[in-house]
1. Quick check on the chain: helices-only [θ] at 222 nm, where DSSP H runs of length 4 and up contribute -39,500 (n - 2.57) each and the sum goes over total residues. Nearest 500, please.
2. Could you calculate the contour length gain from Glu227 to Asn65, that is, 0.36 nm times the residue separation minus the distance between their Cα atoms, to one decimal place in nm?
3. Provide the per-residue ³J(HN,Hα) series for the stretch 117-122, in order, calculated from phi with Karplus coefficients 6.51, -1.76, 1.60 and θ = phi - 60°, each as a whole number of Hz, with x at glycine and proline positions.
4. How many nm separate the modelled label positions at Asn138 and Gln299, each set 7 Å beyond the Cα in the direction of the Cβ?
5. Quick one: which residues, 5+ away or cross-chain, put their amide H under 5 Å from the amide H of Leu61? H built at 1.01 Å from N.
6. Once mean projected area of the Cα convex hull in nm² is worked out from the coordinates, which option in [x] 28.4; [y] 18.5; [z] 15.7 does it equal?
7. Over the chain, what relative contact order in percent results from Cα pairs under 8 Å that are six or more residues apart?
8. Take peptides 37-50, 83-96 and line them up by average Cβ neighbours within 10 Å, highest first, as a rough protection proxy.
Amino acid sequence: MGSFCKKICAGIVTFNPEISRLSENIDTIRNQVDAIFIVDNNSNNINIIKKIISKDSGIKLICNNQNRGIATALNQLMKAAEDWKYSYVITLDQDSVSTPGMVSELVSHIDMKTGIVSPQIVDRNMVDISNWDSCRDNKVYEVHQAARKGIITSGALTSIEAWKHVGGFDDSFFIDYVDYDFNKRLLLEGYRLIRTGRTILIHECGNMQATPLVVLRRSQNNKWHFERFYSFGHSPFRCYYKARNRILFSKKYAGIAGPMQFEGAIQIIPQIILTLLFEKNRKEKFKSFIRGIIDGCKQHVDKYVVMNNECE
């Protein structure tokens, strides 16, 4: 794994995880890093979590007495890793599964101007992951947009120095768009975001379901392709933050991010339409979207001020 090996750990945020999937998550990343930090957001099965990690001194558990949200928990992970003298953290959702050699591939793209290196994400709801190796596209490119097909938290090998430079994850976002907001600040501060398709992370985003809609879309590497729309199946609770945080995102970067300052807000209407067309519990989800929009418009947001376009 090279000279960076001793500076890398993994971080997992848990909240009522499915234990079998969490165990698989830990097992597949454990031999690729020196340590794992887990921040638990007051899970109701915390005693089982403690039991499955009790025999491994390389796994450190931080327990919150309430659900403090994904952003705060990620900041706790990064701070704990910094205190233990790590330089990079690979952050993972509780249900993600790493593939062999993933960390080594991510590490090979590290340099001082790179804030994040991400693997290719394969959603188990969208493809047959029994033969996951065949899903690799082997393409390596820079990601230039924060939100549209931006880098997600899970699988992201993140520089602690870059995390500190841009002010960490925004606690006020709580959940949803936390990673895209972080991406935006990294890009504004001159950091590179790298995505490598030479390795894969098996991921699960909500309860995604294929819809009949197929449209022509442009990917992050500027290649046009036909792509099927998937509904996410998120809860009304999540729908609220999907709307609110997209409004906050657009307000936060108004005037400093060119036309892409609105890439958050313009996604809300398609999200609502897809939900109303293809998901269950439409009435409650629609109400949550509307409340999120209203609260996002009302809430004060400090506009982000670019500190230094040349990262050190």
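1. Calculated mean residue ellipticity at 222 nm is -10000 deg cm²/dmol.
2. Between Glu227 and Asn65, full extension yields an extra 54.1 nm.
3. Once θ is set to phi - 60°, the couplings for the stretch 117-122 become 10, 10, x, 6, 9, 10 Hz.
4. Roughly 4.4 nm, to one decimal.
5. Long-range HN contacts for Leu61: Ile38.
6. [z]
7. 17 percent
8. Taking the mean over residues of other Cβ atoms within 10 Å, the ranking is 83-96, 37-50.
The values are calculated or read from the model by the stated rules, or taken from the named source; none is laboratory data. Just so it is clear, the structure is predicted and the values come from calculations on it, not from any experiment. When we count neighbours, we look across all protein chains shown, and the Cβ atoms used for this are built from the backbone with ideal geometry, even at glycine. The protein model used for the area step is the full one, side chains on, heavy atoms only, and it has no ligands, DNA or RNA in it. Shrake-Rupley method; radii C 1.70, N 1.55, O 1.52, S 1.80 Å.
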